[in-house]
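Scroll down for the structure; my scribbles are underneath it.
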Amino acid sequence: MDERKEYWIRLFIKKCTALNSSKEQLDFYFKWCEQTYNVTDTYLLDLKKKHTIDEYINRLVPVVDKYFSIDDLKEVVKFYSTKAGKKLINYNFLQEIGKVGSDINMQIEQEFAMGNNKI
């Protein structure tokens with residue numbers, strides 16, 4: 001991949017993918033794992049050094065490259081730089097959207113469980 005396209009991909013990831021939300025999710029997951037698994041502090045620190053936002057970004061680059069041209073990236077970055085675009089990747093907004101989906105999934109699961117008694 002040429003340097004110019006990689007520049008636009010990384011800018012796209014930074015401006016358009018809610019990296020703050022991803023960082024908070026990664027931190028939350030590490031806390032959950034720390035509470036769930038009995039590991040040494042050294043092991044936990046090693047995992048945190050290995051699994052970083054930079055590593056996440058590096059793994060996203062080829063995915064974005066596959067689906068977007070440089071012109072696409074420029075248009076999307078331009079939109080997400082606007083006030084409306086920034087609202088779409090606001091952490092609280094994304095959390096609320098995720099909660100709605102989670103609540104619906106839980107409701108469906110409960111209804112399946114209740115319906116299982118009707119077989």
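Tabulated results
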| read-out | value |
| --- | --- |
| Top-ranked residue of segment 12-56 - restricted to ones that are assigned to a helix (DSSP H, G or I) and among the small types (Gly, Ala, Ser), ranked as farthest from the chain's Cα centre (by Cα) | Ser21 |
| Hits in segment 59-72 (condition: in contact (Cβ under 8 Å) with a residue 12 or more places away in the chain and outside any helix (DSSP H, G or I)) | Phe68 |
| Verdict on Tyr91 being of a type in the set (Ser, Thr, Tyr), surrounded by 12 or more Cβ atoms within 10 Å (Cβ to Cβ) and touching an Asp or Glu at 6+ places or on another chain (Cβ under 7 Å) | yes |
| Which listed residue is small (Gly, Ala, Ser) and out of contact with any Lys or Arg (no Cβ under 9 Å at 6 or more places or on another chain), from Gly85, Gly98 | Gly98 |
| Failed criterion for Ser102 (all others in (1) touching a Leu at 6+ places or on another chain (Cβ under 9 Å); (2) at pLDDT 85 or above hold) | (1) |
| Condition check for Glu111: surrounded by 10 or more Cβ atoms within 10 Å (Cβ to Cβ), out of contact with any Gly (no Cβ under 6 Å at 6 or more places or on another chain), farther than 14 Å from Thr17 by Cβ and modelled with pLDDT of 90 or more | no |
| Counted residues, segment 75-119 - those being part of a loop (DSSP other than H, G, I, E, B), β-branched (Val, Ile, Thr) and under 23 Å from Ile9 (Cβ atoms) | 2 |
| Given (1) over 23 Å from Lys78 (Cα atoms); (2) surrounded by 12 or more Cβ atoms within 10 Å (Cβ to Cβ); (3) without any contact (Cβ under 8 Å) to a residue 24 or more places away in the chain, number of the condition His51 does not satisfy | (3) |
| Cβ-Cβ under 6 Å pairs, at least 6 apart or on other chains, segment 73-91 side under 21 Å from Ser22 (Cβ atoms), far side hydrophobic (A, V, I, L, M, F, W, C) and not in a helix (DSSP H, G or I) | Ile89/Ala18 |
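The values are calculated or read from the model by the stated rules, or taken from the named source; none is laboratory data. Model, not experiment: these values are computed from the prediction. Heads up, the Cβs are rebuilt from the backbone with ideal geometry, glycines too, and the neighbour counts pull from every protein chain shown.
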